[in-house]
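The values are calculated or read from the model by the stated rules, or taken from the named source; none is laboratory data. Quick caveat, the model's predicted, so the values are computed rather than measured. Note that we place each Cβ from the backbone using ideal geometry, even for glycine, and neighbour counts take in every protein chain shown. Surface accessibility is based on the protein's heavy atoms, side chains included, excluding ligands, DNA and RNA. Shrake-Rupley method; radii C 1.70, N 1.55, O 1.52, S 1.80 Å.
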Amino acid sequence: MVLKSTVAFVAVATLAFFSSAPQAEAHSWADCIDWKFKDPKKPSWNDNGGRCIGYARRYPVSLNMPFGTQDKIYRYFQQDADPRVAIPCSNRGDGYGSNETRANPVSEAYGGKFGRLTVTTVGDTLCVRWPAKNHAIPQYLIDRYVQINLSPVRNGKDITQIELLKNTVAKLDFANCMPGADIDHKACGGCFKVPRRAPGTYLLQWRWMLNQGQWYSSCADIKITK
């Protein structure tokens, strides 16, 4: 079941730029998986508008990089166009902050120099944040969106992209961004309700379509307690 975001609603993202538009440094990625607003009545994705209590896999919090600059460590990951062979999560090797493959145990991808694991419950609201990276300019918006896939794992391994596509729980508006002149580092995000699942650890995939068939992904483990 596809659920509406509490902050952003179904399906709009962005087209690649024409020559007259600013050029992006990189494409986008998930920055935070569990963003808590300082004032829920005035939701803000900016750093001073809330805090992150759950991150994507191996998110390099100890580097203290300014928001939206993690493209410098290749945080973004473009998948193969064919979902039958596409790798769900970045496998850039051991590069600090660029590897999003599943850890064994899962806890090794969180804590210490990495961000915290997301712990949530059925019915809770998860708010996911990402940088615009120049791809949320209104005059170029068409039917592009962020897809949230949520699935159990098997035998300690992530499932395939094809299987993940059977577990889409939300579609979010990529261009739900904060106002401001810095279109590269605008903070964006969307929220969804955690669907009914048995307690356990799940793979959450943030998957964004830039152009038709051109997908970027970020991965996180989330623990559902009840």
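Hey, can you find the accessible area per residue of segment 46-87 for me, probe 1.4 Å, expressed in square angstrom? Let's see the in-between values first.
Numbers: 2220 Å² over 42 residues.
Heavy-atom accessible area per residue stands at 53 Å².
Sorted on the mean count of surrounding Cβ atoms within 10 Å across their residues, most packed first, peptides 205-212, 54-61, 148-155, 106-113 read 54-61, 205-212, 148-155, 106-113. Rounded to whole numbers, the Karplus 3J(HN,Hα) couplings from phi for segment 163-169 are 5, 4, 5, 8, 10, 6, 10 Hz, using 6.51 cos²θ - 1.76 cosθ + 1.60 with θ = phi - 60°, and x at Gly and Pro. Residues in segment 194-205 carry Karplus couplings, in order, of 5, x, 5, 9, 5, x, x, 9, 10, 8, 9, 10 Hz; the curve used is 6.51 cos²θ - 1.76 cosθ + 1.60 with θ = phi - 60°, and Gly or Pro positions show x. Take 177-187, 119-129 and order them by the average number of nearby Cβ atoms within 10 Å per residue, most first; the result is 119-129, 177-187.
For Gly189, the residues whose modelled amide H falls within less than 5 Å of its own, excluding neighbours fewer than 5 places apart on the same chain, are Trp130, Asn176. Along segment 68-84 the Karplus relation, 6.51 cos²θ - 1.76 cosθ + 1.60 evaluated at θ = phi - 60°, assigns HN-Hα couplings of x, 10, 6, 4, 5, 10, 6, 5, 6, 9, 8, 7, 4, 5, 8, x, 6 Hz to successive residues, with x for each Gly and Pro. Close amide-amide hydrogen proximity is noted between Val119 and Lys223, each under 5 Å apart and 5 or more residues distant or on a separate chain (H modeled in the peptide plane; Pro and chain starts excluded).
Compute, for segment 49-113, the length of the dipole vector about the Cα centre, with Cβ point charges of +1 (Lys, Arg) and -1 (Asp, Glu) only. Units Debye, rounded to 20. Intermediate results must be reported in sequence, preceding the final value.
Values: 9 positive and 6 negative charges, 41 e Å.
In debye, rounded to 20, segment 49-113 gives about 200.
Remark: segment 73-226 carries a charge dipole of roughly 460 debye about the Cα centre, counting +1 on each Lys and Arg Cβ and -1 on each Asp and Glu Cβ.
Under 5 Å between amide hydrogens, built in the peptide plane, is the criterion, and for Arg57 it picks out Cys219, Ala220, Asp221 among residues at least 5 positions away or on other chains. Computed with a 1.4 Å probe over protein heavy atoms only, the accessible surface of segment 164-226 comes to 36 Å² per residue.
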